[in-house]
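Structure, as structure tokens:
The values are calculated or read from the model by the stated rules, or taken from the named source; none is laboratory data. Owing to the predicted nature of the structure, the values given are computational and were not obtained by experimental measurement. Cβ placement follows ideal geometry from the backbone for every residue including glycine, while neighbour counts extend to all protein chains displayed.
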């Protein structure tokens, strides 16, 4: 089932769209915090975003740019500001399409289905995980934070992925070693410690101090 994310501050329009799109056997979620749209995107992991231009705090162009830093998820702008300049700006920001309000529902659905078909039959999207404003890109083993991108080794990436999958929960050293090497018999505990320390230094260097906490004698966690 495809999952759509509607970023629209007009509750009436958002709910009407949600109800209608759900009739096409799609899961639909609407934005709740317009200060944290990128974080909500990372949590929801939608297959497509319907994005308005005029929003509280930051406009749709801003959020399109922010999401494009971490993902190629299809983005369709829905706006009454449908002059040529806005359409060109939206496409230049990385949008996949622009639909003018008011719109014909059937035309909108035809566009949504065409984009989903085109995107997921071939390229797909790059999933991400988010914590404290940091985005772990599971497509190319990088971590994005503010305007910085950190390249992770395969082991560093696996450690961070495992910890972020269990945010707020202590992950034992044994579980981390199993994720890294599949079988404990091939693991040297000191090697895990070295990898965690290297990962911490990379996180510290971009301003993510104390991102990984140690629970002595147990394991590690992010919270």
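Summary of values
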| quantity | calculated |
| --- | --- |
| Positions within the stretch 137-155 being crowded, with 19+ Cβ neighbours inside 10 Å, in contact with a strand residue (DSSP E or B) (Cβ under 9 Å, 6 or more places away or on another chain) and not in a loop (DSSP other than H, G, I, E, B), in sequence order | 137, 143, 144, 150 |
| Check on residue 111, modelled with pLDDT of 85 or more, surrounded by 13 or more Cβ atoms within 10 Å (Cβ to Cβ) and either in the same structural domain as residue 217 (by TED's automatic domain parsing) or at positive phi (or both) | no |
| Scan of the stretch 196-223 for residues that are free of Cβ contacts under 8 Å to residues at least 24 places away in the same chain and under 20 Å from residue 177 (Cβ atoms), ordered by number | 197, 200, 213, 214, 216, 217 |
| Conditions (1) at pLDDT 90 or above; (2) surrounded by 15 or more Cβ atoms within 10 Å (Cβ to Cβ); (3) in contact with a helix residue (DSSP H, G or I) (Cβ under 7 Å, 6 or more places away or on another chain): number failed by residue 36 | (3) |
| Filter result for residue 41 (modelled with pLDDT of 90 or more, more than 19 Å from residue 97 (Cβ to Cβ), outside any strand (DSSP E or B) and in contact with a helix residue (DSSP H, G or I) (Cβ under 9 Å, 6 or more places away or on another chain)) | no |
| Flag for residue 28 being surrounded by 15 or more Cβ atoms within 10 Å (Cβ to Cβ), free of Cβ contacts under 8 Å to residues at least 60 places away in the same chain, assigned by TED's automatic domain parsing to the domain that holds residue 106 and in a loop (DSSP other than H, G, I, E, B) | no |
| Of all residues in the stretch 73-107 being part of a helix (DSSP H, G or I) and in contact (Cβ under 8 Å) with a residue 12 or more places away in the chain, the one that is nearest to residue 3 (Cα to Cα) | 105 |
| Of residues in the stretch 188-223 being assigned to a loop (DSSP other than H, G, I, E, B) and over 23 Å from the mean Cα position of the chain (by Cα), the one farthest from residue 164 (Cα to Cα) | 188 |
